[in-house]
Amino acid sequence: MVTAYFGHAPREVVLNPETAGPTVAVVEAYAELARRVLAGPARLGRTRLVAIDGPSGAGKSRFAAQLADALAGPLGDRPPVVHTDDLLDGWDDQVTFWPRLDDWVLTPLRAGKPGAYRRYSWVRHRFLPRPVPVPAAPVLLVEGVSAARAVVRPELTLAVFVTAPASLRLARAVARDGPEILPELRRWHDGERAHFAADETATHADLVVDGAPGLPHDADRYYVRLR
């Protein structure tokens, strides 16, 4: 591993978990990415849609939260974040949930109207009756496996793919949800690998982020870009 410093941005040559080939890792600021999003075109009605994709346990939720925080300042309010896990009808709905997201959230926003969705309860195994509002805000972040899929790419202002080594992702998921989910989790990992290969999600992403970076940085203000 080679580390070099260009100005104030540390960089290093690492192996990209998606390609197993060498790439350059660069530390970048969430604040600068927020400015990039706001300077980009709104392609979903008047909303700039940011999709944060990647395999489970890679660090998508954290990245989405940090970017939302960075956008809150210039917007004057924190933008809404939709987690696709809240729209899944259980484990078997890994990528087939999309019509729900489109009907409840994306279609109203295309028309400049607010959307709303019902959150799935993984404890009760059903959708809760109370709707979660999604305002027609200047920016919407959608986070989860397949969030940046091909069908929505023409409407995205930014597509992000967060990655991390498989062993670490598995360990994170087990630490979060317990070892009893391992059988479902292994099946889930098989499904997401198949989806990403067919969809070529990482290849088409505008930004690939290292969810397990070795470069020293302030993780609340900066992320590590792989390309």
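The values are calculated or read from the model by the stated rules, or taken from the named source; none is laboratory data. Quick caveat, the model's predicted, so the values are computed rather than measured. Every residue, glycine as well, gets a Cβ built from its backbone with ideal geometry; the counts of neighbours run over all protein chains shown. Just so you know, the surface numbers come from the protein's heavy atoms only, side chains and all, with ligands and any DNA or RNA stripped out. Shrake-Rupley method; radii C 1.70, N 1.55, O 1.52, S 1.80 Å.
Taking the conditions (1) out of contact with any strand residue (DSSP E or B) (no Cβ under 7 Å at 6 or more places or on another chain); (2) over 26 Å from VAL132 (Cβ atoms); (3) at pLDDT 95 or above in turn, THR19 satisfies each one other than (3).
What residue, of VAL105, VAL134, VAL123, is of a type in the set (A, V, I, L, M) and open to solvent by 70 Å² or more (accessible area, probe 1.4 Å)?
Numbers: VAL105 fails: open to solvent by 70 Å² or more (accessible area, probe 1.4 Å); VAL134 fails: open to solvent by 70 Å² or more (accessible area, probe 1.4 Å).
Result: VAL123 is the single residue among VAL105, VAL134, VAL123 that is of a type in the set (A, V, I, L, M) and open to solvent by 70 Å² or more (accessible area, probe 1.4 Å).
Considering the conditions (1) open to solvent by less than 70 Å² (accessible area, probe 1.4 Å); (2) in a helix (DSSP H, G or I), PRO213 is excluded by exactly one of them, (2). Scanning region 82-102 for residues that are under 21 Å from ARG46 (Cα atoms) and surrounded by 20 or more Cβ atoms within 10 Å (Cβ to Cβ) yields VAL82, LEU101. For region 117-139, the candidate set comprises residues that are touching a Phe, Trp or Tyr at 6+ places or on another chain (Cβ under 6 Å) and of a type outside the set (Val, Ile, Thr); within that set, the residue that is farthest from VAL82 (Cα to Cα) is PHE127.
With the requirement that a residue be in contact with a Leu (Cβ under 8 Å, 6 or more places away or on another chain) and closer than 20 Å to PHE97 by Cβ, what does region 178-217 give you? I'd like the intermediate steps shown before the answer.
As a first pass, look at region 178-217 and keep what is in contact with a Leu (Cβ under 8 Å, 6 or more places away or on another chain): 185, 189, 206-210, 212.
If the condition is that a residue be in contact with a Leu (Cβ under 8 Å, 6 or more places away or on another chain) and closer than 20 Å to PHE97 by Cβ, then LEU185, HIS189 are the ones that fit.
Checked against (1) farther than 22 Å from LEU33 by Cβ; (2) open to solvent by 20 Å² or more (accessible area, probe 1.4 Å), GLY178 meets all criteria but (2). Just to verify a result, which residue in region 23-54, among those that are touching a Gly at 6+ places or on another chain (Cβ under 9 Å) and in a helix (DSSP H, G or I), is most open to solvent (accessible area, probe 1.4 Å)? Residue satisfying both the conditions and the ranking: ALA31. Pairing residues of region 90-105 that are closer than 26 Å to ALA136 by Cβ with residues that are among the β-branched types (Val, Ile, Thr) and not in a helix (DSSP H, G or I), at Cβ distances under 7 Å and at least 6 apart in sequence or on separate chains, gives VAL105/VAL82; VAL105/VAL134.
Based on this model, can you work out whether VAL174 counts as touching a His at 6+ places or on another chain (Cβ under 7 Å) and over 30 Å from ARG110 (Cα atoms)?
So VAL174 does not fit the description; no.
Check whether at least one residue in region 175-186 is within 17 Å of the chain's Cα centre (by Cα) and hydrophobic (A, V, I, L, M, F, W, C), and report yes or no. No: region 175-186 contains no residue that is within 17 Å of the chain's Cα centre (by Cα) and hydrophobic (A, V, I, L, M, F, W, C).
Would you check which residues across region 145-173 are part of a helix (DSSP H, G or I) and surrounded by 15 or more Cβ atoms within 10 Å (Cβ to Cβ) and list them?
We begin by selecting, within region 145-173, every residue part of a helix (DSSP H, G or I); these are 150-155, 166-173.
VAL152, ARG153, GLU155, LEU168, ARG169, LEU170, ARG172, ALA173 - these are the residues of region 145-173 that are part of a helix (DSSP H, G or I) and surrounded by 15 or more Cβ atoms within 10 Å (Cβ to Cβ).
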